[in-house]
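Below you'll find the structure, written out as structure tokens, and then a few comments.
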Amino acid sequence: MREWIRVFKAGLSVENPLTILMIGLCATLAVSTQVQGAMFMGVAVIFVLVMSNTLISAFRKVIPSEVRIPVFIVIIASFVTIVDLFMKAFFPPIYAVLGIWIPLIVVNCIILGRAEAFAYHNSVWLSTADGLGMGVGYSIVLVVLAFLREFFGSGRIEFFGQAILKMPAGYAGPTILMMFPGAFILFGLIIALMRWLNERSSTRKAA
Amino acid sequence: MKSSPLRLILSVLVVCVVAAAGLAATYAVTAPEIAAQEKAAEADALRGVLPDAATFEPVDDAVLIAAQELAGDSKVDAIFRALDTSGKQIGWGVKVGSRGYGGYINLVLGLDRDGKVSGATILTMNETPGLGTRIQTEPSFLEQYLGLPAGFTEKDVKALDMISGATKSSRGVRNSVVVTSIVFDQVLKDAGEVR
């Protein structure tokens, strides 16, 4: 169990897919314009990551290594399509926001990267922890980035068309935050913050 | 460890068959739901732009094709006749799309029998959130089209305000309205649609 927790926590901090491994950034920058969309994207990624990690790990001994990549991709693509269809059927407003980025989870390097680097070599138990940790770590950074962009860029946070948090009237945010350059700048600041936090906790442990 | 070719083929085949079966099952569950959602969204939009109408029926294919030929860079996806409870025609609902900043902005426009815009709703769009999406979040933008006189022309549409900072998105909406006016003028008016 201690090993499980260690693997899970690594995804959140020292091996965070976005701020440390820096994979899967393209979709991150694109969907982080709205907190609502970012949350659903996070849920979709967690689901796909946990399911594909678990399944690939369970069958790792029977998947021949020569064809492992095609097999991984088929498994990942199936789970992504399931998410895609369910979102289209039951959450159309969310699907309208995320659109193409849901099917593109298939080629998100976080999923394939974890399948190859972790699930193919580790037990089912630990692979699930890795999927969950990576997915949650991804989602936290994504939602924080989306919050900063939406709140300061557009001056309000909206859920299903309802503003739940508003800047005082007359606030005109820097619209650059809603565009890619602003996303890059904010993301850089988040990386710096994460590094600082990780470094501080590791020096504390040493001391 | 090297695997035999047969084993490679079999393992990929098995994975694909299982995956396909899983997806087929998911699709069977979600497909009716997805179709219903799309229909509901369309019906909602039509009712929104023509509040007095009771039913909507699609126009003949020939009329739609004639309209599509006039559309140019825009596209006309569907035209509906709007009927009130007594079956009298009170106007048209037009599904029309033009390119904005991020692909097509799809609108539903309602026209009354004189060709006056009775309502405009954005169905789907991919504009930059917070910038291009202001064509939707600032209601005054779409509302100004309701003030156009009957038989309005491109010149009338171009005299209306655009949203600064969202020029391309505004232009996408504007082009759709212009196309709708042309379609009304050249197709719907002459097609014997008015009963």
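Coordinate-derived values only; no laboratory data. On a predicted model such as this, the values are computed, not experimentally measured, just so you know. As a convention, Cβ positions derive from the backbone with ideal geometry for all residues, glycine included, and neighbour counts pool all protein chains shown.
About its Cα centre, the dipole of chain A is roughly 460 debye, where the only charges are +1 on Lys and Arg Cβ and -1 on Asp and Glu Cβ.
So if I place +1 on the C-beta of Lys and Arg and -1 on the C-beta of Asp and Glu, and nothing else carries charge, what would the dipole magnitude of the protein assembly as shown be about its Cα centre? I want it in debye, nearest 20.
Values: 34 positive and 32 negative charges, 375 e Å.
I would put it at about 1800 debye.
The slack between A:Leu193 and A:Lys61, meaning 0.36 nm per residue of separation minus the straight C-alpha distance, is 43.5 nm.
Determine, for each peptide in A:163-172, A:83-92, the mean count of other beta carbons within 10 angstrom over its residues, then list the peptides with the highest first. Let's see the in-between values first.
Details: A:163-172: 10.0, A:83-92: 18.1.
Listed from highest to lowest mean packing, they are A:83-92, A:163-172.
Using a cut-off of 11 Å between beta-carbons, work out the net charge of the residues near B:Val76 (Lys and Arg +1, Asp and Glu -1, B:Val76 not included). My count for the surroundings of B:Val76 gives 0.
Where a ≥ b ≥ c are the square roots of the eigenvalues of the C-alpha gyration tensor, would you call chain A rounded, which needs a/c under 1.5, or, failing that, prolate if a/b is larger than b/c, or oblate?
Numbers: a/c = 2.36, a/b = 1.36, b/c = 1.73.
Oblate.
Report the FRET efficiency, 1/(1 + (r/R0)^6), for A:Ala172 and B:Leu6, where r is their Cβ-Cβ distance and R0 is 56 Å, rounded to 0.05. The calculated FRET efficiency here is 0.25. Rounded to the nearest whole angstrom, the semi-axes of the ellipsoid equivalent to region A:7-112, taken from the Cα gyration tensor as √(5λ), stand at 24, 18, 11, largest first. Taken over region B:117-195, the alpha-carbon convex hull comes to 98 cubic angstrom per residue.
Where in chain B are the DSSP H helices whose alpha-carbon span along the long axis reaches 20 Å or more and whose Kyte-Doolittle mean is at least 1.0?
Qualifying helices, which must be both long enough and hydrophobic enough, are B:5-49.
Computed over chain B, the per-residue total of -39500 (n - 2.57) for DSSP H runs of n ≥ 4 gives a 222 nm mean residue ellipticity of -14500 deg cm²/dmol, rounded to 500. Inter-chain Cβ neighbour count for A:147-156, averaged per residue, equals 2 (cutoff 10 Å, partner chain atoms only).
Counting only whole DSSP H helices of chain A, the ones at least 24 Å long by C-alpha along their axis and with mean Kyte-Doolittle hydropathy no lower than -1.0 are A:35-58, A:68-90, A:124-154, A:180-206. Summing +1 for each Lys or Arg and -1 for each Asp or Glu among the other residues whose beta-carbon sits under 15 angstrom from that of A:Pro92 gives -3. Taken residue by residue and averaged, Cβ atoms of other chains lying within 10 Å of the Cβ of B:21-28 number 3. Per-residue shielding of B:5-14, expressed as the average number of other chain Cβ atoms within 10 Å of the residue Cβ, stands at 3. Highest mean first, the peptides B:152-158, B:103-109 sorted by other C-beta atoms within 10 Å per residue fall in the order B:103-109, B:152-158.
Taken about its Cα centre, region B:32-175 carries a charge dipole of roughly 380 debye when the Cβ of each Lys and Arg holds +1 and the Cβ of each Asp and Glu holds -1.
Determine the shape class of chain B: with a ≥ b ≥ c the square roots of the Cα gyration tensor eigenvalues, call it rounded for a/c under 1.5, and otherwise prolate if a/b is greater than b/c, oblate otherwise. Because a/c hits 1.5 or more and a/b exceeds b/c, chain B counts as prolate. Comparing Cα centroids, region B:13-57 and region A:160-207 end up 37 angstrom apart.
Could you work out the Rg to Rh ratio of the protein assembly as shown, with Rh taken as the Kirkwood radius (inverse of the mean 1/r over all Cα pairs)? Reported Rg/Rh, Kirkwood definition of Rh: 1.07. According to the square roots a ≥ b ≥ c of the eigenvalues of the Cα gyration tensor, what is the shape class of region A:85-207, taking rounded for a/c under 1.5, prolate for a/b larger than b/c otherwise, and oblate for the remainder? Taking the square roots of the gyration eigenvalues as a ≥ b ≥ c, region A:85-207 is oblate. Computed from label points 7 Å out along Cα-Cβ, the spacing between A:Cys109 and B:Cys16 is 2.8 nm.
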